[in-house]
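Chemist: This structure is in structure tokens; I'll ask about it shortly.
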Amino acid sequence: MQIVAEFVTSAAGAADFPRDRLPEVAFVGRSNVGKSSLINALVRQPLARTSATPGKTRLANIYRVRRGSMPACYLVDLPGYGYARASRPGEGETESSQAADAFFGRPGQRAVLLLVDSRHPGLSSDLNAWQWLASRSCPRAVVATKVDKLTHAERVRHVREMENVFEMPVALVSARTGEGLDELWKMIASLPNQTAA
Ligand code: GTP
Ligand code: MG
């Protein structure tokens with residue numbers, strides 16, 4: 001399947017986001033959860049900067065992607081935790097909140113994927129994020145990253161735990177092995193059309 005992808009811009013606020021009304025899908029999650037790696041795995045090229053140490057970017061990095069016959073859309077690598085603002089004051093916080101607020105604050109078709117580390121199901125920071133996202137009335141789904149790191153027994157146990165706490169099916173992916181990427185592309189194509197749960 002042919003994939004066309006390009007970096008568009010790093011957005012600090014609403015004025016920097018594209019205005020052509022293509023659907024947008026944001027990737028949010030704790031630093032180091034694998035947001036940038038997942039975007040790179042999806043587009044099969046190193047577009048997004050990845051790092052073993054938590055990144056310092058406070059901007060929303062926006063990529064325009066098209067896969068096969070699917071209409072083009074934007075993947076948005078959202079920084080930090082706009083939704084944990086109260087509990088995480090500090091350096092750069094205002095700027096990252098602005099990028100997140102800009103994403104959620106504009107009209108248009110959009111969806112959000114909460115990325116959680118499959119090795120650590122049910123972290124309270126992830127649950128807080130999920131609740132915060134629920135208040136943004138935007139279709140959303142949970143994606144569990146780095147499943148290549150789980151044993152079979154952990155996979156069974158962690159999936160059960162995650163589906164319990166998030167109260168919905170969780171997509172399992174690995175940027176390393178490519179597991180789950182096909183299903184994730186399908187989710188990216190359909191989620192922005194759905195109404196918020
Ligand atoms: P920030 O930009 O700091 O918020 O981090 P991020 O969420 O973008 O994480 P990033 O993609 O930079 O990945 C963090 C680390 O996890 C890197 O060392 C990656 O190589 C590793 N990683 C990401 N995805 C996977 C995966 O599917 N499997 C394994 N084994 N490692 C992964
Ligand atoms: Mg990143």
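Chemist: Run the paramagnetic zone check for Ser137: 7 angstrom along Cα to Cβ, then residues of the stretch 176-196 with backbone nitrogen under 13 Å.
Modeler: Flagged as within label range: 195-196.
Chemist: To the nearest 20 debye, what is the magnitude of the charge dipole of the chain about its Cα centre, counting +1 on the Cβ of each Lys and Arg and -1 on the Cβ of each Asp and Glu? Don't skip to the answer; put the middle values down first.
Modeler: Details: 25 positive and 19 negative charges, 39 e Å.
It works out to roughly 180 debye.
Chemist: I want to check a number: in the chain, how many lysine pairs have alpha carbons closer than 18 Å, given a sequence separation of 8 or more or different chains? Let's see the in-between values first.
Modeler: On the way: Lys35/Lys56; Lys35/Lys146; Lys35/Lys149; Lys35/Lys186.
For the chain, qualifying lysine pairs total 4.
Chemist: Quantify how much of the Cα-Cα distance distribution of the stretch 3-193 extends past 19 Å, in percent. It would help to have the intermediate numbers written out before the result.
Modeler: Details: 10165 of 18145 pairs.
The share of Cα pairs beyond 19 Å in the stretch 3-193 comes to 56 percent.
Chemist: What is the fewest-to-most order of Val147, Val156 by other Cβ atoms lying within 10 Å of their Cβ?
Modeler: Numbers: Val147 22, Val156 11.
Fewest-to-most ranking of Val147, Val156: Val156, Val147.
Coordinate-derived values only; no laboratory data. Remember, it's a predicted structure, so these values are computed and weren't measured experimentally. Note: ideal-geometry Cβ built from the backbone for every residue, glycine included; neighbour counts use all protein chains shown.
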